[in-house]
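Accompanying notes for the structure given below.
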Amino acid sequence: MTETFPLRALRIPEGWTIEYNSFDDIPLDHPEAWSLVFKASLFMAKHYRRNVLVDLGWLPDEDPSGGYVLRAFENDFTGKELFRLDTRSDIAAVDALESLLLRITAGDIPQWPTE
């Protein structure tokens, strides 16, 4: 039987529409982590008033040598990339995601590359 994992607790400010969330709380060393959880698409949210899409994934898909990639785009994936962060740390990914959502909500739209 396949184990299920809880979603990570995320602080998401008002104004965001969650398109999908499969950002499970699972340690990197769990035996099923790579085949079940670490996918190219983990979390996606859209702020329609700010016209920004935020996406979090693990790249390469299902690859233990990969890492989290957090990106923000103007409008959608075809728009200008406004922000990018690559990290292997789940704590850094969560912190950056929450911070990015707050910044965008406040109207502070990042411009890539960031300082």
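Using each residue's phi in region 63-79, evaluate 6.51 cos²θ - 1.76 cosθ + 1.60 at θ = phi - 60° and report the 3J(HN,Hα) Karplus result to the nearest Hz, with x for Gly and Pro.
So the Karplus estimates, Gly and Pro as x, are 9, x, 8, x, x, 6, 10, 10, 9, 10, 10, 6, 6, 8, 4, 8, x Hz.
Going by how many other beta carbons lie within 10 Å of each one, how would you line up Lys46, Lys39, fewest first?
Lys39, Lys46
Express in nm, to one decimal, how much length is gained between Arg11 and Leu28 on full extension, taking 0.36 nm for each residue of separation and deducting their alpha carbon distance.
Once the chain is fully extended between Arg11 and Leu28, it gains 3.9 nm.
Quick check on region 66-107: take the gyration tensor over C-alpha atoms, sort the square-rooted eigenvalues as a ≥ b ≥ c, and tell me if it's rounded (a/c under 1.5), prolate or oblate.
Note, shape of region 66-107 comes out oblate.
Relative contact order of region 1-108: what whole-number percent is it, with Cα pairs under 8 angstrom and at least 6 residues apart?
Relative contact order for region 1-108 comes out at 21 percent.
Can you tell me the FRET efficiency between Ala40 and Asp108 if r is taken as the Cβ-Cβ distance and R0 is 25 Å, rounded to the nearest 0.05?
0.35
Go through region 13-24 residue by residue and turn each phi into a ³J(HN,Hα) via Karplus (6.51, -1.76, 1.60, θ = phi - 60°); whole Hz please, and just put x for glycine and proline.
Karplus values, whole Hz, x for Gly and Pro: x, 5, x, 9, 9, 7, 6, 6, 8, 10, 7, 6.
Averaging sequence separations of C-alpha pairs under 8 Å and six or more residues apart, then dividing by the length of region 64-115, give the relative contact order as a whole percent.
Relative contact order, region 64-115: 35 percent.
Projected onto the charge dipole of the chain (+1 at Lys/Arg Cβ, -1 at Asp/Glu Cβ, origin at the Cα centre), which of Leu53, Thr4, Thr105 gives the Cα projection farthest towards the positive end?
Checked the options; the winner is Thr105.
Let me know the charge dipole size of region 38-115 about its Cα centre in debye, to the nearest 20, where only the beta-carbon of Lys, Arg (+1) and Asp, Glu (-1) is charged.
300 debye
Where does each of Leu10, Leu85 land when they are ranked from fewest to most other beta-carbon atoms within 10 angstrom? Spell out each step's value before the answer.
Working: Leu10 15, Leu85 19.
Ascending Cβ contact count within 10 Å gives the list Leu10, Leu85.
For region 2-43, which GluC sites (Glu not before Pro) are both in a DSSP coil and crowded by at most 13 other Cβ atoms within 10 Å?
For GluC sites (Glu not before Pro) across region 2-43 that sit outside H, G, I, E and B with at most 13 neighbouring Cβ atoms in 10 Å, the list reads Glu3, Glu14, Glu32.
With semi-axes √(5λ) of the Cα gyration tensor in Å in mind, check [x] 51, 12, 9; [y] 25, 15, 12; [z] 32, 18, 11 and report the label derived from this structure.
Matching the structure shown: [y].
Is region 9-71 best put as rounded, prolate or oblate by its Cα gyration tensor, with a ≥ b ≥ c the root eigenvalues, rounded for a/c under 1.5, and otherwise prolate when a/b is larger than b/c, oblate when not?
It is prolate, given that a/c is not under 1.5 and a/b is the larger ratio.
Bear in mind that the values in this text are calculations on the coordinates, not laboratory data. Worth saying up front: this structure is predicted, and the values here are computed from it rather than measured. Every residue, glycine as well, gets a Cβ built from its backbone with ideal geometry; the counts of neighbours run over all protein chains shown.
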